[in-house]
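This report refers to the structure that appears directly beneath it.
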Amino acid sequence: MAVKMNEVKAALDVEEPKYDDAAAKFGAGALPHLGKLVTGDDPLLASKATFLAGLIDAEGSHDVLSQAAQSDHAEVRVAAANSAANVSNADSTLFEGLLADADAGVRKAAVKSIGSSARVDLKPLVEELAAGDTAAPIRELAADTARKLK
């Protein structure tokens, strides 16, 4: 059975979506719809769509997160940074862009995501942030995260 946009939107258009249920129900079939929602005019819905795409973790999830990482809305970019830890095929360019984001909240979420996913391959990027970020709390978080990545 094909996943329909109205089904995906209805699952996300509630105050507290049941993300695990939606991920299991829709699977990768929802990703094209989530990609459209991520680039839509509603930042709250776009954030929820981003989070769901990360939980689905299928081929195409990375593309949805990459779109979200380019959003004009910081809350959508934060959702992309938080969700990147869940996507097994998230490449370093996604994290690189998030770590260079103008918004400190996005950079903080990206560092935490790298730490929770234990992406040792990204340690040099985290070390760069630890050495040169404009915000002292992010430099400290990045330094701590870099020490933990082995």
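The values are calculated or read from the model by the stated rules, or taken from the named source; none is laboratory data. Since this is a predicted model, take the numbers as computed values, not measurements. Here the Cβ positions follow ideal geometry from the backbone for every residue, glycine too, while neighbour counts run over all protein chains shown.
Only a single criterion out of (1) of a type in the set (A, V, I, L, M, F, W, C); (2) within 25 Å of ALA143 (Cβ to Cβ); (3) under 12 Å from the mean Cα position of the chain (by Cα) is not satisfied by LEU55, namely (2). Scanning region 6-28 for residues that are more than 19 Å from ALA79 (Cβ to Cβ) and either more than 19 Å from the chain's Cα centre (by Cα) or basic (Lys, Arg) (or both) gives ASN6, GLU7, ALA10, LYS25. Taking the stated definitions as given, is PHE51 among the aromatic types (Phe, Trp, Tyr), under 20 Å from LYS9 (Cα atoms) and either in contact with a Leu (Cβ under 9 Å, 6 or more places away or on another chain) or free of Cβ contacts under 8 Å to residues at least 40 places away in the same chain (or both)? Criteria met by PHE51.
Within the group VAL120, VAL78, VAL64, which residue is among the β-branched types (Val, Ile, Thr) and out of contact with any Leu (no Cβ under 8 Å at 6 or more places or on another chain)? Just one listed residue meets the conditions, VAL78. Of the residues PHE51, PHE26, which single one is crowded, with 16+ Cβ neighbours inside 10 Å and either in contact with an Asp or Glu (Cβ under 8 Å, 6 or more places away or on another chain) or modelled with pLDDT under 95 (or both)? Exactly one of PHE51, PHE26 is crowded, with 16+ Cβ neighbours inside 10 Å and either in contact with an Asp or Glu (Cβ under 8 Å, 6 or more places away or on another chain) or modelled with pLDDT under 95 (or both), namely PHE26.
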